[in-house]
Each structure stands twice: as C-alpha cells, then as structure tokens.
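The values are calculated or read from the model by the stated rules, or taken from the named source; none is laboratory data. Only a predicted model underlies this, so the values are computations on that prediction, with no experimental measurement involved. Glycine gets a Cβ as well: all are built from the backbone with ideal geometry, and neighbour counts include every protein chain shown. Note: accessible area is taken over every heavy atom of the protein model, side chains too, but ligands, DNA and RNA are not part of it. Shrake-Rupley method; radii C 1.70, N 1.55, O 1.52, S 1.80 Å.
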Amino acid sequence: MINITAQCCSIILLLWILYVYKRSRKLPLISNKAFRNSMYTTLACLVLDLASSLGIAYSDNLPTDVTEFLCKAHVASVLLVTMMAVAYVITSVIYRQRTYNKSLAIISVIGTIEICLIFILPIDIYRDPVNDISSVSGPSTIVAYVGAGAFIVFNLIQIFYYRKHIYNRQRSIVIVWMCMWLAAALLQFLFSDLLVVGFATALGIVVVFIQFENPELYLDRTTGLFNTFAYKRYVEHLYNKGKAFSAVGISFAETPWLDDLQPAHSVAESQQLYNAFLKVPGAYVFKIQDNEIIMVFPKTEEAKYAWSVVTSQQHMPRIDALPSRPAIYYVPDPYCVNSPREILELFRYVGMQKGNSQDELFTVIDGTMMEQIVAERATVQMIRDALAEDRVVVYYQPIYSVEQKRFTSAEALVRIVDQNGSLVPPGTFIRVAEENGLIIDIGKRVLEKTCRFYQDNDLHRYGLEYIEVNLSVAQCADAKLSEDYIGIMENASIEPSHINLEITESTSAREKKKLISHMDRMISRGVNFSLDDFGSGASNLNYIMDMPVKFVKFDKEMIQAYFYNEKAKYVMEAAMHMIHGMGLKIVAEGVETEEQYSKMEEIRINYIQGFYFSKPLPEQEFLAFLERANAEEVK
C-alpha cells in the first residue's frame with residue numbers, strides 16, 4: 001500500500017503540472033515538445049507502475065499473462081522515460097533539424113529493440129502478502145535497468161561534451177534529474193522491494209519544470225509579453241531550424257516609460273499598446289528592455305500584413321501620440337545576421353544612426369541597408385581588434401617649406417594593418433570610427449605613436465620642426481581632450497611645440513566654445529594648431545577669426561580648382577591675402593605636379609604638401625626620405 005500511495009501522489013502531482021503547463025502561453029520550441037513528451041511518458045510510466053502494483057496485489061484473481069504484461073509494460077515505460085530524457089537533451093545540443101531527426105531515429109531504433117527484448121524475455125514477479133511487499137526481477141528487468149542506465153549515462157556524457165551549447169541552468173537541472181534517476185534505479189535494483197523509480201521520475205520532472213520549463217519563467221510579469229530569455233530561445237530555435245522569419249522592433253526614446261511612476265493616462269495608454277501588440281496576428285511579442293519590444297513572425301506573409309497594420313495605426317493606439325515617441329523598424333528577412341543578439345544589435349545600430357528624434361516614425365531595414373549595417377559592424381569590430389592587437393600604425397607625409405627650401409614638418413596619417421598584413425584604406429574605417437566614437441581612441445593612439453617616433457629618432461636632427469596630427473570633430477568635442485593629450489605628450493617627454501594639431505570646423509557653438517578652452521590650455525603648453533580643410537566647405541573665414549590657429553591648410557579640391565576655375569582662383573587669392581594679413585601661415589594640400597608646385601611657390605604659399613613630393617610613408621621609409629631630401633640638415 002505504501003508503494004501505491006506514493007504512486008498516486010506522484011500521478012496527482014504530475015497531473016497538476018500538466019494542467020499548469022497546458023493552460024500557459026508558450027513558445028513553439030522543439031524543447032517544449034520534448035519536455036511535454038517526457039511528461040506524458042512519465043505519467044504513463046506512473047499509471048503503469050500503479051497498474052502493475054495492483055496487478056501483482058490481485059494476481060490471484062487475474063490471469064498470469066495479464067499480470068506479466070502489466071509488469072513488463074511498466075518496466076518498458078521506465079526505459080521509454082529515459083529515452084524521452086535523451087530526446088529532451090538532444091534538442092539543446094543538436095541544432096539542425098535533419099541531424100536532430102536522425103539522432104532521434106537512432107535512439108528510437110535502439111529503444112525499440114530493447115523494449116522488444118523486455119517483452120520477449122521472462123520476468124520474475126515476487127509478492128509477500130504478509131509484509132505487503134511486491135517486486136519484479138529477472139532478465140526482462142535487467143534489460144530495462146541496463147538500457148535505462150545506458151541512456152542516462154549517455155545523457156550525462158552529451159551534457160558534458162556539449163556543455164557550451166546548453167544553458168547553464170538547464171545543464172545543472174538535467175544533471176540533477178539524471179542523478180536522481182541513477183540513485184533511484186540503483187536502490188531499486190539492490191533492494192527490489194523499494195519501489196522508488198516512479199517517484200524519482202516524477203520528482204525530476206517537477207524540478208525541471210519549476211527551474212527551466214515553467215512557461216511563467218518566460219513572461220514579463222508587468223506587460224504579459226514574453227521576456228528577453230524567451231526571445232533568445234525562440235530566435236535560436238528559428239535559426240537552428242533554418243526557417244525564414246521576420247522581425248519588427250519598437251524602441252522608445254525615453255527609458256523606462258511604463259514601469260516608472262507616470263501619469264495614469266500614460267500608463268493606461270502604454271498598457272493598451274502592449275495589449276494591441278499581443279493581438280497582432282502571427283506575432284510572438286517580446287519585451288527586451290523597458291524601452292524595447294520585438295515582434296517575431298515565423299511566417300513572413302503575416303509580418304507584411306502586421307507591418308501594414310502598424311504603419312497605418314489601425315485597430316491600435318496612435319503611436320505618434322504616445323508620451324514617449326517610438327522608432328519602429330521592420331526587417332523582412334534578417335538573413336545577414338546569425339543570432340538573437342545580432343538582431344538586437346541591428347535594431348540598436350539603426351536607432352543610433354538615425355536617432356529616435358527622426359521625422360519618419362517607421363523604417364524598413366531592407367537587404368541593402370542590412371548588408372551596409374553588417375559591413376559597418378564588421379568594420380567596427382576590425383577597428384577594435386586593431387586597437388587591441390596594436391595594428392594601428394602611422395604613416396607620415398612630408399610638408400615642404402617654401403621659405404626654407406626643405407622639409408620642415410609632416411602630417412601623421414593613421415593606417416590599419418589587417419590580420420593578413422595588408423593595409424586597410426582609410427576611407428574604409430575613418431567615417432565608421434567617427435560615427436561610433438572609436439576615433440577618440442584612434443586619435444590617442446596616433447598621438448602616442450607620433451610622439452614616440454619623434455623622440456626615439458630625434459626628428460629635429462633631420463630638420464623636422466613639428467608633426468601635424470589630425471583632430472576629428474568627435475575628438476574636439478571630447479571633454480577630456482586637453483587633459484588626455486597633455487598627458488600623452490608628458491609621458492613621451494616631448495616638447496609640445498613639436499606637435500601641431502589640425503582641427504576642422506564644428507557645427508555647434510557650444511562645442512566650439514569647449515574646443516577653444518582646450519586649445520587655450522594646450523597652447524599655453526606650447527602646442528600649435530592648424531585649421532584643416534579650408535575651402536572644402538568645412539572651414540570658413542569666420543572660423544579663422546574665432547579660433548587661435550597658426551596655420552591654415554587649403555583643401556586639395558580648392559588647390560585643384562585654382563588651375564581651371566577663374567572664380568575659384570580669385571576666391572583663393574583673396575583668402576590668401578586676408579589670411580596672410582592676419583599673420584597666419586598657409587599650407588597647400590594635394591599638390592601633384594610641378595606646374596602646381598611652381599604656381600604655389602610663385603603666389604607665396606608658405607608650405608606645400610602632396611604627392612608631387614611624396615605619398616604618405618611608413619616610419620623607416622620616411623626617415624630615409626628625410627635623409628635624402630634634407631641631406632644638409634642631417635648630421
């Protein structure tokens with residue numbers, strides 16, 4: 001009776017779990033199906049355990065064949081439960097659907113053979129009516145115990161071997177589940193009157209349910225939407241099946257606007273919006289953060305329809321009237337990204353590029369845009385790797401002094417060496433670095449290498465008075481610009497007068513004021529400044545008047561236009577007159593021919609830079625160039 005009582009309690013417990021599981025909202029995951037099959041098989045095992053116990057208890061009133069069949073069916077169900085556990089673990093370690101099906105087929109064949117042997121081989125039934133004890137043994141049970149033990153050990157082996165592919169919590173829970181089975185099976189094998197396998201099986205299911213498979217664990221309690229962990233599992237499931245899907249991302253400009261204490265109407269409107277998302281046909285809706293929602297559509301046609309509903313704002317609250325303005329992105333097919341994390345990064349990257357204050361509320365991320373984004377993200381990673389692995393190098397382009405008839409300075413130009421040893425064109429990464437803030441770290445690295453190069457090689461001995469280093473708009477807006485750059489020069493023990501920083505015009509008056517403050521601080525230490533790209537539209541005469549610069553660099557396009565455009569010629573000559581009148585020096589960039597050089601010299605340009613003299617050179621080639629060109633200066 002004790003065994004029967006334990007079995008009845010186990011059945012009631014499992015029925016309760018099945019009830020909770022069935023009534024909960026779930027994702028269509030392979031692992032959910034495998035866990036559900038494990039629960040049904042375990043329930044069948046408990047029912048057969050109860051039936052076999054009753055069959056043995058009333059064996060005097062039943063045909064022997066019926067009692068043996070019930071006992072063998074129960075023993076076979078124990079083996080079947082361990083097979084279902086193997087299938088459950090396989091869903092977490094084998095990704096491709098065909099491989100998954102093949103693995104299940106192999107397990108099924110092995111299990112079918114063992115079950116046939118269980119029913120073919122004899123089974124011994126023991127009953128002690130005095131002590132109310134019953135048990136089974138014999139060849140049939142040995143096959144079941146050996147087979148179940150083998151499946152459990154196989155599960156433990158694949159958990160260990162594929163441990164990186166299983167969630168940490170799931171791995172720990174399954175190990176506990178398997179160990180409970182092993183302990184119960186060993187006890188029941190050694191003490192045949194101690195029937196604990198059925199109870200241990202039910203208890204293992206309860207543990208897995210509570211800790212990992214409970215659908216409530218995958219829901220956001222505030223909104224009723226699926227949570228971040230559910231999003232990760234579901235999108236991984238779609239990728240593993242190789243199934244096309246679509247996604248819609250909703251990002252609100254302000255965080256968090258639902259959970260904070262907002263006016264009652266704001267909370268009501270936001271919850272109304274969440275409820276509307278839940279009703280979108282074919283969508284699985286996930287709350288990622290307090291300001292992010294993602295809808296995933298396993299059927300792309302349903303996504304197209306849903307997008308038309310969202311953009312028309314029919315049958316849902318007016319999105320543009322919400323207290324926090326959202327940006328909404330639609331990816332018809334995220335084929336260029338390969339993980340849930342990359343989809344989130346895709347949405348966030350577009351949001352960062354466009355900003356949440358854009359005029360357009362809705363954005364379709366098509367194939368072309370996605371490829372561009374993926375390429376830019378790859379470039380960002382390439383820059384980070386280059387910085388971490390010291391593959392950021394500096395090339396130097398010499399600058400000729402017309403007055404001194406020698407090369408007195410150079411411009412430091414950043415280059416990146418890829419992992420194959422080839423140079424990455426600056427046009428590939430400069431814009432991306434500026435847009436992603438990496439240009440600040442690149443700028444610091446360039447200054448560090450430039451200072452070290454100047455000091456280590458005593459460039460003043462080669463006739464070089466200073467080196468020009470570029471500052472981007474992002475660097476000019478950096479609050480720690482002067483502090484960081486003064487610190488770099490002090491660490492390198494270089495005279496600040498050997499460094500000339502090139503700036504371009506910033507668009508913000510606030511940034512301009514901040515930059516002047518940085519410039520004044522560095523000028524007091526001896527650093528000089530140039531205004532770069534004059535004539536390109538990025539710099540103008542008003543900026544020259546406001547900024548404490550010593551040099552003005554005429555842009556290559558302005559120099560080229562001087563030779564074929566009469567208006568450009570007059571503009572440039574007038575600008576030269578005014579700039580010289582302010583006591584500033586002029587550098588002509590992009591000089592490529594002897595004709596251009598002669599003309600620049602004739603019109604009293606102070607310094608000339610360009611391919612006419614030399615392309616940008618790596619350190620050793622630059623030193624060799626200076627030795628030849630400034631031979632009289634080199635001692």
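Structure values in brief
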quantity	calculated
Hey, Ser506 surrounded by 17 or more Cβ atoms within 10 Å (Cβ to Cβ), touching a Cys at 6+ places or on another chain (Cβ under 7 Å) and modelled with pLDDT under 95 or not	yes
Among the residues listed as Val571, Val552, the single one being within 20 Å of Ile608 (Cβ to Cβ), open to solvent by 50 Å² or more (accessible area, probe 1.4 Å) and either β-branched (Val, Ile, Thr) or touching a Cys at 6+ places or on another chain (Cβ under 7 Å) (or both)	Val571
Count - residues of region 388-421 that are farther than 22 Å from Ser497 by Cβ and surrounded by 17 or more Cβ atoms within 10 Å (Cβ to Cβ)	7
Matching entry among Pro323, Pro263 (being at pLDDT below 55 and out of contact with any helix residue (DSSP H, G or I) (no Cβ under 7 Å at 6 or more places or on another chain))	Pro263
Counted residues, region 208-229 - those being in a helix (DSSP H, G or I) and either within 10 Å of Pro340 (Cβ to Cβ) or without any contact (Cβ under 8 Å) to a residue 40 or more places away in the chain (or both)	4
So Leu54, is it in contact (Cβ under 8 Å) with a residue 40 or more places away in the chain and either assigned to a helix (DSSP H, G or I) or more than 47 Å from the chain's Cα centre (by Cα) (or both)	yes
Subset of region 209-221 that is out of contact with any Lys or Arg (no Cβ under 8 Å at 6 or more places or on another chain) and not hydrophobic (A, V, I, L, M, F, W, C) - its residue that is farthest from Ala34 (Cα to Cα)	Arg221
Matching residues in region 602-635 - criterion: being among the aliphatic types (A, V, I, L, M) and either open to solvent by 70 Å² or more (accessible area, probe 1.4 Å) or more than 47 Å from the chain's Cα centre (by Cα) (or both)	Ile603, Ile605, Ala629, Ala631, Val634
Long-range neighbours under 9 Å by Cβ, at least six apart or interchain, first residue outside any helix (DSSP H, G or I) within region 22-43, second among the polar types (S, T, N, Q)	Ser24/Asn214; Lys26/Asn32; Leu29/Thr91
Positions within region 161-176 being assigned to a helix (DSSP H, G or I) and of a type in the set (Val, Ile, Thr), in sequence order	Ile173, Val174, Ile175, Val176
Filter result for the condition that a residue is touching a residue at least 12 places away in the same chain (Cβ under 8 Å), among the aliphatic types (A, V, I, L, M) and open to solvent by less than 10 Å² (accessible area, probe 1.4 Å), over Leu584, Leu531	Leu531
Condition check for Arg98: open to solvent by 40 Å² or more (accessible area, probe 1.4 Å), over 21 Å from Phe35 (Cβ atoms) and either assigned to a loop (DSSP other than H, G, I, E, B) or at pLDDT below 85 (or both)	yes
Matching residues in region 9-47 - criterion: being of a type outside the set (Ser, Thr, Tyr) and open to solvent by less than 10 Å² (accessible area, probe 1.4 Å)	Leu14, Ile17, Ala34, Phe35, Met39, Cys45, Leu46
Selection status of Gly198, farther than 19 Å from Ser10 by Cβ and surrounded by 19 or more Cβ atoms within 10 Å (Cβ to Cβ)	no
Filter result (open to solvent by 40 Å² or more (accessible area, probe 1.4 Å) and modelled with pLDDT under 90) within region 437-460	His460
Residue in region 394-432 that is modelled with the lowest pLDDT, counting only those that are under 17 Å from Glu468 (Cβ atoms) and of a type in the set (A, V, I, L, M)	Ile430
Residues (open to solvent by 10 Å² or more (accessible area, probe 1.4 Å), of a type outside the set (Gly, Ala, Ser) and farther than 19 Å from Thr112 by Cβ) located in region 57-79	Tyr58, Asp60, Asn61, Leu62, Pro63, Thr64, Asp65, Val66, Glu68, Leu70
Qualifying positions in region 223-254 - buried (at least 21 other Cβ atoms within 10 Å of the Cβ) and closer than 25 Å to Trp16 by Cα	Leu225, Phe226, Ala230
Pick from region 587-601, criterion in contact with a strand residue (DSSP E or B) (Cβ under 9 Å, 6 or more places away or on another chain) and on the phi < 0 side of the Ramachandran plot, ranking: surrounded by the fewest Cβ atoms within 10 Å (Cβ to Cβ)	Glu601
Count - residues of region 442-458 that are free of Cβ contacts under 8 Å to residues at least 60 places away in the same chain, in a helix (DSSP H, G or I), of a type outside the set (Ser, Thr, Tyr) and more than 17 Å from Val417 (Cβ to Cβ)	7
Residues of region 334-384 satisfying the condition of being modelled with pLDDT of 75 or more, closer than 24 Å to Arg233 by Cβ and not in a helix (DSSP H, G or I)	Pro334, Val337, Asn338, Ser339, Ile365
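Residue by residue, here is whether (1) open to solvent by 70 Å² or more (accessible area, probe 1.4 Å); (2) modelled with pLDDT of 85 or more holds:
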{"position": "Ser135", "(1), (2)": "no, no"}
{"position": "Ile142", "(1), (2)": "yes, yes"}
{"position": "Ile157", "(1), (2)": "yes, yes"}
{"position": "Met180", "(1), (2)": "no, no"}
{"position": "Leu190", "(1), (2)": "yes, no"}
{"position": "Tyr218", "(1), (2)": "no, yes"}
{"position": "Arg221", "(1), (2)": "yes, no"}
